[in-house]
1. Report the relative contact order of the chain, percent, no decimals, based on alpha-carbon pairs under 8 angstrom and at least 6 residues apart.
2. Is it possible to state the helix-based mean residue ellipticity at 222 nm for the chain, with each DSSP H run of 4+ residues giving -39500 (n - 2.57), the sum divided by total residues, to the nearest 500 deg cm²/dmol? What is it?
3. Given region 1-105, what whole percent of its Cα pairs are spread farther than 20 Å?
4. Non-local amide H neighbours of Cys118 (under 5 Å, H modeled in plane, Pro and chain starts lacking H): which ones?
5. Past 27 Å, Cα to Cα, is the threshold; run Lys84/Lys314; Lys25/Lys101; Lys227/Lys295 against it and keep the listed order.
6. Can you list residues whose amide H is under 5 Å from Leu60's amide H, if they're 5+ apart or on another chain and H is modeled 1.01 Å from N?
7. Would you tell me the accessible area of Arg83, worked out with a 1.4 angstrom probe on the heavy atoms of the protein chains, in Å² to the nearest 10?
8. Once neighbouring chains are kept in place and the probe is 1.4 Å, which whole percent of the accessible area of the chain is contributed by carbon and sulfur?
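The values are calculated or read from the model by the stated rules, or taken from the named source; none is laboratory data. Since the structure is predicted, the reported quantities are computational estimates derived from the model, not experimental observations. Using ideal geometry, Cβ is built from the backbone for each residue, glycine included, and neighbour counts are taken over all protein chains shown. Note: accessible area is taken over every heavy atom of the protein model, side chains too, but ligands, DNA and RNA are not part of it. Shrake-Rupley method; radii C 1.70, N 1.55, O 1.52, S 1.80 Å.
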Amino acid sequence: MARTKIALIGSGMIGGTLAHIAAQKELGDIVLFDIAEGIPQGKALDIAESAPIDGYGSRLKGTQDYKDIEGADVCIVTAGVPRKPGMSRDDLLGVNLKVMKAVGEGIGRYASNAFVICITNPLDAMVWALQKFSGLPHARVVGMAGILDSARFRYFLAEEFDVSVESVTAFVLGGHGDTMVPLVRYSTVAGVPLPDLVEMGWTTQERLDAIVERTRKGGGEIVALLKTGSAYYAPAASAIQMAESYLKDQKMVLPCAAHLTGQYGVEDMYVGVPIVIGENGVERVVEVKFTAEEKAMFDHSVAAVRELTDACVKLEPAL
Ligand code: TXD
């Protein structure tokens, strides 16, 4: 049987962390790709040198050549540039859109059977463009954001209630960014919804609202602390969960940026919704009912994503 191959396109902070986790979990052999010479090779070698100590058999390789991703089963894309001082969101969009073009073409040429997970920001627009540039089916191109956003929400809630993070489930929808929609009604401690917990006196509405707000700004909180970059441990863990659900056909229900074809009233856009990930990629989009207030928040978030995809089309009319 052929060995499973995982290609990491972009070998920066998240890419390197992805390689380390994937190796420790023995998810497959790992190819680190980056345009920066030496970085993917150095990280691959460093992680490979820890294998005798930790005892895993994954093989690692660093490369600047797309040919090396040939036949990959999973591709995880973090390639791009972060926002630098003086750079507008549109500047970032333009630069990373060009990166998605190169990456999409590389994947389309050498790894057209892969399950592709995009992490590059602005996430919902980049995964939408990446799918088009790669030509891969929508069911095999997804974006990572919701797992991270809900993990942050779960962590903050677990701290608030002094319970295990594993007893907390959370439901976060919409685009990745300040307009994301944490759904308190569907978020629970051991099945008990958050509004009930407020009634039971576990917390107050004000404290819950503050936790929702902290979740929305969770990425910025880490950037403000690190100063030189954005989060990478939790984003990498989130993408690995998606890859694992696909490779092991676990059929986990996970909040991800998925292509919508009418669900939630959205056409041809990638937006964060709960999906089932199994051996066929996105096997189902879970469509829940909204209250009027939730629908308004979701629509507002979708409009923000639409603005970004429209900006992509202006820059790349072929999209
Ligand atoms: O929830 C989410 N989706 C996110 C997204 C959470 C956290 C961070 N998020 C975004 O992920 C972040 O805004 C970035 O767009 C990506 C990757 O974050 P990371 O922290 O890993 O960024 P780095 O360390 O700058 O790494 C990016 C690498 C770097 O090594 C570049 O040399 C490389 O991308 N790069 C390229 N590789 C291949 N091909 C091309 N064209 C290319 N351009 C840059």
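1. Values: 619 pairs, mean separation 51.7, N = 319.
Computed over the chain, the figure is 16 percent.
2. -14500 deg cm²/dmol
3. 39 percent
4. Under 5 Å from the amide H of Cys118 lie the amide H atoms of Val77, Val142, Gly143, Met144, each far enough along the sequence or on another chain.
5. Lys25/Lys101; Lys227/Lys295
6. Ile30
7. It works out to around 140 Å².
8. 54 percent
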